[in-house]
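J.: Attaching a single structure in C-alpha cells format; questions to follow.
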Amino acid sequence: MARLARIWRFARWGVVALVLPLVIAVHVALIVVFAVPFEAASLAATQVGEPLVLVDLRGEEIAALPAIGVDRTRWTRIADVPAIAVSAVIESEDHNFWDHRGVDGLGIARAVWLDLQGGRYGGSTLTMQLARMLVSPSGKRSIPRKLEEMLLALRIERALDKRAILEQWLNRAYFGNGAVGFEAAARLYFNKPVRALSDGEATLLAVLPRAPTAYNPLKHPDRALRRRAYIIAMLVERDVISSETARAALVTELAIGRHVPANRAPHFVAYVTAQLPPEVRRAGGTLHTTLDLQLQEVLQRRVADQVSALRRANLDQAGLVVLDAQTTEIRVMVGSTGWRDAGGQINITTRRRHPGSALKPFVYATAIERGATPSSIAWDIRDLSAQYFAPNGAEHGPVRYREALASSYNFAAIDVIEQVGVSRVMSVLRTAGVAELDGRPEDYGLRLALGSAKVRLVDLAAGYGFTVKHGLVGMPRGIERIDRTDGTRWSPERRPERRVFSPETAWLVMDMLADPEARRPGFGMELPFDLPFRIAAKTGTARGFADTWAIGATREAIVAAWAGTFDGAPTQGIVGMDAAAPLVRDAMLAIADGHPLTLPARPEHITDIEVCATSGMAPREACPRIRDHAAHGHVPT
C-alpha cells in the first residue's frame, strides 16, 4: 500500500506539472483577449505606405512606384467592392466568416485532420489571416505563431465589426505579382479601378489570394479560371447569387494583362530606390533625382543601336553611365538593353567585371605622383613567361609614358607597376573608390595594371574624376532629396570628396589621355575619340574579349561605357575602341549639343620641359629633343 501511495503521489504531481502550465496559459490568453483591448486606430499605420514618384533634375516624371505594403492612397472602401467579389472572397477563404468570432474551431479541427491524412487545408479564418498580415506578413508558420494569430483574431473581432474586418483584409491581402490590395490587383491585371470591374473580373481577383502563385492569371490562367468557376458554383449552391448572375460572370470576356506604370529609366530607378532606408521608402513622396531624362532616353536608344550593330560579332549587351564631372551626380544610367528581355534587368553599370587596360591611368598617376613625368621611359617588352595579355602582342621597346598610356601598351604598364609596387596602386584604387581589393598584392600581381581586379562601371567613372577635378574623387550619387507628403524633407548624407592625387599629377595624366598624337601609334587614325574638342579618354579590353570599356572625361562630364557579353562568352575579337568608345563619343557629342566641352586649366606648378626623346632625361648634344610638361620639383636632370 505504501508503494501505491508513493506512485499515486508522484502521479498527482505529474498531472499537476502537465496541467498547471496549460491552465496558466489559458488564463493569460483570456486576460489578453478580454482585458487588453485591440486598438483599432493602430490599423491606420500598420504596413501602410505612400507611393513614391521619381522626377529628374527638371522635375519631369521618371516613374511612379506603388507603396510598400498597403497603399494609403488606394485604400478601397468595402462599399466600392462588387458584392459578388466580397461573397467570393468569403466562400474561397472562410465560408463560416459570418458565424465565428475570429477563430473557427471546426475549421481548425478539420485542417488538423486533413493534415494528418496527408492533405492540406487552410484552417485560418479571414480574421486570423488579417492578424497574420498585421504581425508577420512574411513570417514562417509555426504553432506559436498560429496561437498568436488566434489571440489577436479574437481581440480584433471584439473591436471591429465584420464589414470593417473585410475591408481591412481586402486592402491588405496579396494578389500576386507584387499587387497588395484589391485596388492594386484591379489596376495590375485589368488596368481599371475596382468600381469599374465586371462581375467576371471581380470574382477572378477574389480567388487569387488563396494561392497567388498557383492561381497566377498571367502564368496559369486556366487554374485561376477553374478556381473561379468552382467558387461561383458554390455561391449558386448556397443561394448567394442566382444562376443568371453566375452565368453572366462566367461568360464575360476577360482581358487579363500586366499593366504597370511606365518606368523610363528602370535601372536607375532600381539603383536609387535600393539606397533608401525602409522607413523612407515607405513614407513615399516625390524623389528628386540627378538624372537628365532627355539625355537618358537619347543614350538608351544609342546603346540599343550599338548592340544591334555588333550582334554579328557575338556581342549581346552594353551599358553606359554619365556623371556630372564636378558634382559626381548621375545624369545617365543605362544598365542594359531590353529591360523586359532575358537578362535585361541586370544593371551592368553596378556589376563587377574585369576592366582590362582601363586601370592604367591609376598606375601611371601613381608613378608620376612619386616623381616620374610624362616623358619618363617604360620598357614595352614581352616578359619571358609570356603571361601578360596584349591584344596584338606587339612590343615597342623603350617608350615614353605619354605614348605608352595613350596607346595602351600592356608590357609598358607591367614595367611601370613593377617600379611603383602593386600595393601602392592597390591603395590608390581603394582611395579612389574604384575597387574593393580585399586580397593581398600577390593575389592580383603585376596583372593589376591590366585589370586583374574586378570593378563597377559607375565606380570607375567616378574614379576617373581625378583627371578633371584636380586630383579629387567624389562618390557617385543619384538622389537629391525626397519631399514627403507630410511636408517634411529627407536628404541622403553627402560624403566628402577624397584627394587621390595632387593637382599637378591629375593634370599631367589628363593631358596624356587627351593627347591625340600620343594615341596614334597604338590605335591609328580616325578614332572615336577624335572629336571637335579634346577629351581625356581611355579604353580597356579584358582577356577573352568579353568585356570592353571606354571612359571619357571633361570638366563638364564623365562618360563610361561597357560592351560585351553578360555570360563571359568571347566576342569575335571586339576591343574597347570598336565597341565601347563609339558610345562615349556619341554621349559626349550629345552632352556638348554644339558647344565644345573643355578640359581643366593648367595648374600653376606645371612647367614646360625639354627632354631627350630616347631617354626622357635632360637632353645631351646628340640627343633628339622633344617638349613636354612636368611638375615643379620633378624636372628631369
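The values are calculated or read from the model by the stated rules, or taken from the named source; none is laboratory data. The structure presented is a predicted model; accordingly, all values stated were derived computationally and were not measured. Note that each Cβ is placed from the backbone with ideal geometry, even for glycine, and that neighbours are counted across all protein chains shown.
J.: How many residues, within region 628-637, are in contact with a His (Cβ under 8 Å, 6 or more places away or on another chain) and crowded, with 17+ Cβ neighbours inside 10 Å?
T.: Number of matching residues: 1.
J.: Next question, about the same structure. For the structure I just gave you, tell me whether Glu517 is free of Cβ contacts under 8 Å to residues at least 12 places away in the same chain, assigned by TED's automatic domain parsing to the domain that holds Ile377 and in a helix (DSSP H, G or I).
T.: Yes.
J.: While we're on this one: Looking at region 394-427 only, could you name the residues that are of a type in the set (Asp, Glu) and in contact (Cβ under 8 Å) with a residue 24 or more places away in the chain?
T.: Within region 394-427, Glu403, Asp415, Glu418 qualify.
J.: Further, regarding this structure: Looking at (1) surrounded by fewer than 20 Cβ atoms within 10 Å (Cβ to Cβ); (2) charged (D, E, K, R); (3) touching a strand residue (DSSP E or B) at 6+ places or on another chain (Cβ under 8 Å), which one does Asp438 not meet, given that it meets all the others?
T.: Asp438 satisfies all of (1) surrounded by fewer than 20 Cβ atoms within 10 Å (Cβ to Cβ); (2) charged (D, E, K, R); (3) touching a strand residue (DSSP E or B) at 6+ places or on another chain (Cβ under 8 Å) except (3).
J.: Filter region 488-511 for residues that are farther than 17 Å from Thr328 by Cα and within 28 Å of the chain's Cα centre (by Cα) and give the result.
T.: Once the filter is applied, which keeps residues that are farther than 17 Å from Thr328 by Cα and within 28 Å of the chain's Cα centre (by Cα), region 488-511 yields Thr488, Arg489, Trp490.
J.: Under the condition of being surrounded by fewer than 24 Cβ atoms within 10 Å (Cβ to Cβ) and closer than 17 Å to Lys454 by Cβ, which residue from region 543-561 is modelled with the lowest pLDDT?
T.: Here the residue is Arg543.
J.: Kindly list, by first and then second residue, each pair from a residue in region 60-85 that is acidic (Asp, Glu) to a residue that is not in a strand (DSSP E or B), limited to pairs with Cβ atoms under 7 Å and residues at least 6 apart or on different chains.
T.: Glu60/Leu293; Asp71/Pro51; Asp71/Gly181; Asp71/Ala184; Asp80/Val194; Asp80/Arg195
J.: While we're looking at this one, here's another question. Hand me the list of strands (runs of 3 or more DSSP E) wholly inside region 279-353 holding 2 or more residues that are in contact with a helix residue (DSSP H, G or I) (Cβ under 7 Å, 6 or more places away or on another chain) and within 23 Å of Ala546 (Cβ to Cβ).
T.: 317-324, 330-334
J.: Let me ask another. Restricting the search to region 579-603, which residues are β-branched (Val, Ile, Thr) and over 18 Å from Ile330 (Cα atoms)?
T.: Matches in region 579-603: Thr598 only.
J.: Looking only at region 593-627, which residues are surrounded by 17 or more Cβ atoms within 10 Å (Cβ to Cβ), under 30 Å from Thr541 (Cα atoms) and modelled with pLDDT of 95 or more?
T.: Answer for region 593-627, where residues must be surrounded by 17 or more Cβ atoms within 10 Å (Cβ to Cβ), under 30 Å from Thr541 (Cα atoms) and modelled with pLDDT of 95 or more: Leu597, Leu599, Pro600.
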